Amino acid sequence: MRRALKTIVCVIAVVLCFVIGAGATACSPETFTDNGYICDEYKDNFSVGAAVLTGNINRYDKAGLMHHFNSITAENEMKWRFVEPEEGQYSFGAGDSLVSWAKEHNTEVRGHCLVWYKSLPPWLTQKELTKESALEILRKHITDVMTHFKGELYVWDVCNEALHGNISQAQLDSGDIWRRGSEASGDNSLDWYGLCGVDFIKEAFRTADQVRKSLGDDVKLFYNDYTLNNPLKRQAVVKLVEMLRADGIAIDGIGMQAHYRLPQYEADRDAFMADFEDSVRTFTDMGLDVHITELDIQVYPYNGSTQAFDGLPLEVEIAQGEMYADIFRVCRKYSAPTAAGHGRVSNVTTWGVADDHTYASTSIHTEYPLIFSRDLQPKRAYYEIISL
Ligand code: GLA
């Protein structure tokens, strides 16, 4: 009750800051740390994470923001292009420094990611490959990287974005669900499916499972992808999991990236949240854990939207906060298994810490997708999720 009152007082204070035009910087940082840290609020439910770059973590930590998170994800530093820039020559320094930071700060680390069609080194994308040589290289990469990070990570996104971006009913019915061709081309990209068919997914999970067993590492193995709230894409993930299981290949969970846009939710909040919850329920009912791996909520409808405001208008920030709260509410609801053998939501991670660093800003508009503002202050999203 006291806490609810404090939250109300604080929200009023922030609103007043905006109303009198002083901006969020006028609100003291103590005001929000008094309300508590997000990871403490959810400690009985799931870990709360953020993706960070090695170069940003100390700055966010100094501002007090890293206390809100008990999990981190390397925004780039564990991707293939960064860890194996030359064939067989590894560069683990940046990833290692995140792992050391996490150890010193009692924080867990999500591993992201072992195989993806993007962010690959030129030696790999430019190589003449056959199916067999590609699978051989994949197995070696996974073995070497998992061995290096043995015991340091609690989960690996083994495979990222192996499905089409959008899936139609016809594609789902015919089984044409795999990303390939022009959807998997471009700089630093490789059409794994075109080369290997679904065997690259099976081999990735099979190898990761063998490696963890041989290392005695209990790291969990996840499939990670975007728009998994979409019913058709959800069904495609179900097919992927069934395919692995039919071959006796282990998979522990699904990463729902959750790069969302506020206008999608505003168009019909109930429908948006029902789809999101249906996906969480479908996956957990299958005995899989769910991580929300890359949560952010863009306020513009499209990458190409022209800049409509300078600074985030309060009414937009409020709506964004409500959407964050709805997502956290569903995650909390499924944070314990609903039946024996079912999975649960065990992590929620935002893709970034504060609006000053986000991949979502374009040359056309500035985005505001995160829980903390460009000047590292709490936004309405913070007050909403801390007081659920
Ligand atoms: C995908 C990837 C992330 C990151 C984001 C944003 O979702 O999984 O690693 O690159 O895109 O760019």
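The values are calculated or read from the model by the stated rules, or taken from the named source; none is laboratory data. Given the structure is predicted, the values throughout are model-derived calculations rather than measurements. Cβ atoms come from the backbone with ideal geometry, glycine included; neighbour counts cover every protein chain shown. The area values use the complete protein model at the heavy-atom level, side chains included, leaving out ligands, DNA and RNA. Shrake-Rupley method; radii C 1.70, N 1.55, O 1.52, S 1.80 Å.
State which residue is farthest from VAL238 (Cα to Cα) when the search covers only segment 143-179 and only residues that are aromatic (Phe, Trp, Tyr) and in a strand (DSSP E or B).
TRP156
Any residue at all in segment 343-362 that is within 16 Å of the ligand (Cβ to nearest atom) and modelled with pLDDT under 95? Yes, the conditions are met somewhere in segment 343-362.
Find the residue count for segment 116-142, including only residues that are within 16 Å of the ligand (Cβ to nearest atom) and touching a Phe, Trp or Tyr at 6+ places or on another chain (Cβ under 8 Å). Full working, then the answer.
Narrowing segment 116-142 to residues within 16 Å of the ligand (Cβ to nearest atom): 116-121.
Subsequent filtering for residues that are touching a Phe, Trp or Tyr at 6+ places or on another chain (Cβ under 8 Å) retains 116-117, 119-121.
So the count comes out to 5.
Looking only at segment 108-127, decide whether some residue is open to solvent by 60 Å² or more (accessible area, probe 1.4 Å), among the hydroxyl-bearing types (Ser, Thr, Tyr) and not in a helix (DSSP H, G or I). The answer is no; no qualifying residue exists. Of the residues contained in segment 197-209, none is found to be among the basic types (Lys, Arg), buried (at least 17 other Cβ atoms within 10 Å of the Cβ) and touching a Phe, Trp or Tyr at 6+ places or on another chain (Cβ under 9 Å).
In the condition set (1) within 16 Å of the ligand (Cβ to nearest atom); (2) under 17 Å from TYR382 (Cβ atoms), HIS67 is compliant with all but (1).
Based on this model, can you work out whether LEU190 counts as surrounded by 19 or more Cβ atoms within 10 Å (Cβ to Cβ), at pLDDT 95 or above and more than 16 Å from the ligand (Cβ to nearest atom)? When the stated conditions are applied, LEU190 does not pass them.
So that you can scan it fast, the table gives a plain yes or no per residue for (1) polar (S, T, N, Q); (2) over 22 Å from GLY95 (Cα atoms); (3) part of a loop (DSSP other than H, G, I, E, B):
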{"site": "LEU135", "(1), (2), (3)": "no, yes, no"}
{"site": "HIS141", "(1), (2), (3)": "no, no, no"}
{"site": "SER214", "(1), (2), (3)": "yes, yes, no"}
{"site": "TYR223", "(1), (2), (3)": "no, no, no"}
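Within segment 278-294, the set of residues being touching a Phe, Trp or Tyr at 6+ places or on another chain (Cβ under 8 Å), open to solvent by less than 50 Å² (accessible area, probe 1.4 Å) and part of a helix (DSSP H, G or I) comprises VAL280, THR284. For segment 149-187, the set of residues classified as small (Gly, Ala, Ser) and surrounded by 17 or more Cβ atoms within 10 Å (Cβ to Cβ) consists of ALA162, ALA184, listed by residue number.
Residue pairs, Cβ under 8 Å, 6 or more apart or interchain, first in segment 65-87 and in a strand (DSSP E or B), second open to solvent by 10 Å² or more (accessible area, probe 1.4 Å) and among the small types (Gly, Ala, Ser). List them. So the pair list comes out as SER71/SER47; ALA74/ALA94.
Each row is one residue, and each column tells you yes or no for (1) assigned to a helix (DSSP H, G or I); (2) within 16 Å of the ligand (Cβ to nearest atom); (3) without any contact (Cβ under 8 Å) to a residue 40 or more places away in the chain; (4) more than 19 Å from THR293 (Cβ to Cβ).
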site: THR227; (1), (2), (3), (4): no, yes, no, no
site: VAL238; (1), (2), (3), (4): yes, no, no, no
site: LEU244; (1), (2), (3), (4): yes, no, no, no
site: ILE254; (1), (2), (3), (4): no, yes, yes, no
site: GLN264; (1), (2), (3), (4): yes, no, yes, no
site: ASP270; (1), (2), (3), (4): yes, no, yes, yes
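ASN56 meets all of the listed conditions (1) open to solvent by 10 Å² or more (accessible area, probe 1.4 Å); (2) away from the ligand (no atom under 16 Å from the Cβ) but one, namely (2).
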